[in-house]
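Scroll down for the structure; my scribbles are underneath it.
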Amino acid sequence: MELINQHTKKIMEGCKERAREAGLRFQDETLEYIVTNRDMLELSPKVMIPTLYDYWVNDVEVLKGKGKYELYPHNPYETVINTHPPISFYNDNNPDWLNVMIFYHVLAHIDFFQNNLFFRHTWDYDLTGQALADKRLIARLRSEKGRWVDYVIEFGRSVDNLVGYYDELSRLNRATIPSLSKRLDYYFDVFLQSVKKVKIHEYVHEIERYNDCKNRYGEMGEKSFFADAQKKYPELETVYIKSLRTKVTPKLDLMQHLMEYSPFLNKDENKWMKTVLEVVRKTSIYFQPQIRTKIMNEGWASYWHEKLFLQDDRIKGHEVDFARVHAGVTSLPRVGLNPYALGMRLFSTIEEMADKGKISIKFQMLKDSHAREKFDAGTAAGLDYIFRVRENFCDFTFIDTFVDQDFVTGHKLFVVDKRLNQGKMVWEYYVKSRKAKDYRKMLIDTLYHPPRIEIDPAKGEDDSLYLVHRFEEKPLVKEFIANTMMGIEYLWGGTVQLETSEIEPPAQDMETYSAAGAKEPQVVWQRVLYTMKNRKLSKTFVQADS
């Protein structure tokens, strides 16, 4: 692995200049390295970060990757990591014209990293430097504690998808607001919502009443507001004073809870394990936005590499070569999902719609398909609009907002399912739906959506740890439950219970229903409680969900 030569660096600097003129924003300093395909295979399990801590599973992944490469040689063109300065890796056999395309792709990724708000917690973070410090720390602990370090890493990584990513973002992104009194915060945030549980229109009415009092009476407005509130809710003052005496415990995710309250981890001889868990948690939180913006990020990079490459006068004569590579990267499959293709087409569609003023209530109110197709307000605001989308959206909001019937119909998209052909006794695929809501649901179901698991101290008995899975119609993967709970039991040092929902077994299996041509049975969810005690797992039923 070595830095690119001056000739290639000059190409990159030219790309930076053109990308900035087009509107992309990124820091000037970047590092580019030339690597071989085998280098990339070895870096891949470490998400391309050479300094990331060592872990035995990474070695297994490298062996798998090398075996796969022997059978199916391929040529990964580039990869880029979000750190300071941003680092990108390029294949050692890329021609100059291909590097031009790839550099634009990489610069768009860097622009996305440094401007999308879901990456905000990474903007001032030197990942490679921190990773190197963590790697040395883990290596030192491994020399002292041996294989137990790997057990703790493994147990930690089994629950690292449960880190409080949104809590972290909320803490960092919270806007500075004028300081309001504690009484006012309590009234609107706790009393009306949790104590009285008022309806939304009553809540809004109280906000309007408060604003009216402030406008009328200025500094005396709050006093006037609470005078009337006290008449309506005589108990308000009593419960407010009581709340001041109650110590508010910050909400912790599972890993934080284990580090803070585990009797086992807080023994003097085991406190080193908390250091390992903190490294695992910190690394996981760093990569959360990349998992949640895959379609947007790749779509944004593909959109810009196409746009900027075709405007670049340095690549004349290689348009056909570009078209061949570009089509391979951004072709839209009939079955399956290509994030590059979907994201790029969504950005292009959004830009075109905004150029014509179609992202407006006036357009949305149109029901006539011919009128919708011909609509053009000539606003020419598309480019500005997609920059705002790049800044404020993640994959979920991106798909939920912009995948509509016009997009699905325009790109001839559909949802595919399979059914049993009884005559041939084979499974066959068929077009199940061309409706936008079905296609959108299919896309959203593929997105990263870790389970929401909370700690319920009130239900834990005899120092056991009681976990509650907030069910969102996605069951936990059964085969992972036993090993994951065994790891948590070890880190907690006692019994662990997990309340979750599972499907009640149907009277007949699905193949029987398909073969009979009957309607699928209604899914019935039931609440179950898993208990891991002394490394033995048991399950009981709690209650049936409606």
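The values are calculated or read from the model by the stated rules, or taken from the named source; none is laboratory data. Everything numeric here is computed off the predicted structure, so don't read it as measured data. As a convention, Cβ positions derive from the backbone with ideal geometry for all residues, glycine included, and neighbour counts pool all protein chains shown. Accessible surface areas use protein heavy atoms only, side chains included; no ligands, DNA or RNA. Shrake-Rupley method; radii C 1.70, N 1.55, O 1.52, S 1.80 Å.
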Given the criterion small (Gly, Ala, Ser) and under 25 Å from the mean Cα position of the chain (by Cα), identify the matching residue among ALA458, ALA436.
ALA436
Restricting attention to segment 141-157, and to residues there that are part of a helix (DSSP H, G or I) and charged (D, E, K, R), which single residue is farthest from the chain's Cα centre (by Cα)?
GLU144
Positions within segment 325-358 being aliphatic (A, V, I, L, M) and open to solvent by less than 60 Å² (accessible area, probe 1.4 Å), in sequence order:
VAL325, ALA327, VAL329, LEU332, ALA341, LEU342, MET344, LEU346, ILE350, MET353, ALA354
Which condition number in (1) open to solvent by less than 10 Å² (accessible area, probe 1.4 Å); (2) more than 20 Å from GLU168 (Cα to Cα) is the one that PHE112 fails?
(2)
Given the condition within 28 Å of the chain's Cα centre (by Cα), more than 30 Å from ARG157 (Cα to Cα) and among the hydroxyl-bearing types (Ser, Thr, Tyr), answer yes or no: does some residue in segment 7-26 qualify?
no
Long-range neighbours under 7 Å by Cβ, at least six apart or interchain, first residue within 13 Å of ASP96 (Cα to Cα) and in contact (Cβ under 8 Å) with a residue 24 or more places away in the chain within segment 307-322, second of a type in the set (D, E, K, R) and not in a loop (DSSP other than H, G, I, E, B)
ASP312/ARG18
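Table: residues versus (1) under 22 Å from MET12 (Cα atoms); (2) in a helix (DSSP H, G or I); (3) in contact (Cβ under 8 Å) with a residue 24 or more places away in the chain.
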| position | (1), (2), (3) |
| --- | --- |
| LEU107 | yes, yes, yes |
| PHE113 | yes, yes, yes |
| TYR125 | no, no, yes |
| LYS135 | no, yes, yes |
| ALA139 | no, yes, yes |
Does VAL198 satisfy being among the β-branched types (Val, Ile, Thr), at pLDDT 85 or above, surrounded by 13 or more Cβ atoms within 10 Å (Cβ to Cβ) and in a loop (DSSP other than H, G, I, E, B)?
yes
Failed condition for CYS15, given (1) touching a strand residue (DSSP E or B) at 6+ places or on another chain (Cβ under 7 Å); (2) open to solvent by less than 70 Å² (accessible area, probe 1.4 Å); (3) of a type outside the set (Asp, Glu)
(1)
Is it fair to say ASP39 is closer than 30 Å to ILE153 by Cα, surrounded by 15 or more Cβ atoms within 10 Å (Cβ to Cβ) and either touching a Cys at 6+ places or on another chain (Cβ under 7 Å) or among the acidic types (Asp, Glu) (or both)?
yes
If I ask for residues that are among the charged types (D, E, K, R) and open to solvent by less than 70 Å² (accessible area, probe 1.4 Å), which ones from segment 18-36 would you list?
GLU32
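So that you can scan it fast, the table gives a plain yes or no per residue for (1) among the hydroxyl-bearing types (Ser, Thr, Tyr); (2) without any contact (Cβ under 8 Å) to a residue 24 or more places away in the chain; (3) under 20 Å from ASN338 (Cβ atoms); (4) open to solvent by less than 40 Å² (accessible area, probe 1.4 Å):
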| position | (1), (2), (3), (4) |
| --- | --- |
| ASP368 | no, yes, no, no |
| THR379 | yes, no, no, no |
| PHE396 | no, no, yes, no |
| THR409 | yes, no, yes, no |
| PHE414 | no, no, yes, yes |
| TYR429 | yes, no, yes, no |
| TYR439 | yes, no, yes, yes |
Which of the residues belonging to segment 490-503 are outside any loop (DSSP other than H, G, I, E, B), under 14 Å from ASN534 (Cβ atoms) and free of Cβ contacts under 8 Å to residues at least 60 places away in the same chain?
VAL496, GLN497
Suppose we keep only residues that are of a type in the set (S, T, N, Q) and loosely packed, with under 12 Cβ neighbours inside 10 Å within segment 522-540. Which one would you say is farthest from VAL468 (Cα to Cα)?
GLN522
Looking at segment 490-508, which of its residues are open to solvent by less than 40 Å² (accessible area, probe 1.4 Å), within 30 Å of ASP268 (Cα to Cα) and not aromatic (Phe, Trp, Tyr)?
LEU491, GLY494, THR495, VAL496, GLN497, LEU498
Quickly run through segment 523-542 and pick out the residues that are without any contact (Cβ under 8 Å) to a residue 24 or more places away in the chain and part of a strand (DSSP E or B).
LYS536, SER538, LYS539, THR540, PHE541
Every pair of residues 6+ apart whose Cβ atoms lie under 9 Å, when the first sits in segment 7-32 and is within 18 Å of GLN311 (Cα to Cα) while the second is open to solvent by 90 Å² or more (accessible area, probe 1.4 Å) and not in a helix (DSSP H, G or I)
LYS16/ASP28
For segment 468-487: of the residues being basic (Lys, Arg) and outside any strand (DSSP E or B), which is modelled with the highest pLDDT?
LYS478
If you check GLY487 against the conditions, is it touching a residue at least 60 places away in the same chain (Cβ under 8 Å) and surrounded by 15 or more Cβ atoms within 10 Å (Cβ to Cβ)?
yes
When residues of segment 450-467 are limited to those that are out of contact with any strand residue (DSSP E or B) (no Cβ under 7 Å at 6 or more places or on another chain) and modelled with pLDDT under 90, the one nearest to LYS251 (Cα to Cα):
PRO457
Would segment 80-90 turn up any residue that is open to solvent by 30 Å² or more (accessible area, probe 1.4 Å) and either touching a strand residue (DSSP E or B) at 6+ places or on another chain (Cβ under 9 Å) or of a type outside the set (Lys, Arg) (or both)?
yes
From PHE398, PHE393, PHE402, grab the single residue that is within 18 Å of ALA301 (Cβ to Cβ), in contact with a Leu (Cβ under 6 Å, 6 or more places away or on another chain) and hydrophobic (A, V, I, L, M, F, W, C).
PHE402
Of everything in segment 213-252 that's hydrophobic (A, V, I, L, M, F, W, C), closer than 30 Å to ASP167 by Cα and in a helix (DSSP H, G or I), which residue is most open to solvent (accessible area, probe 1.4 Å)?
LEU244
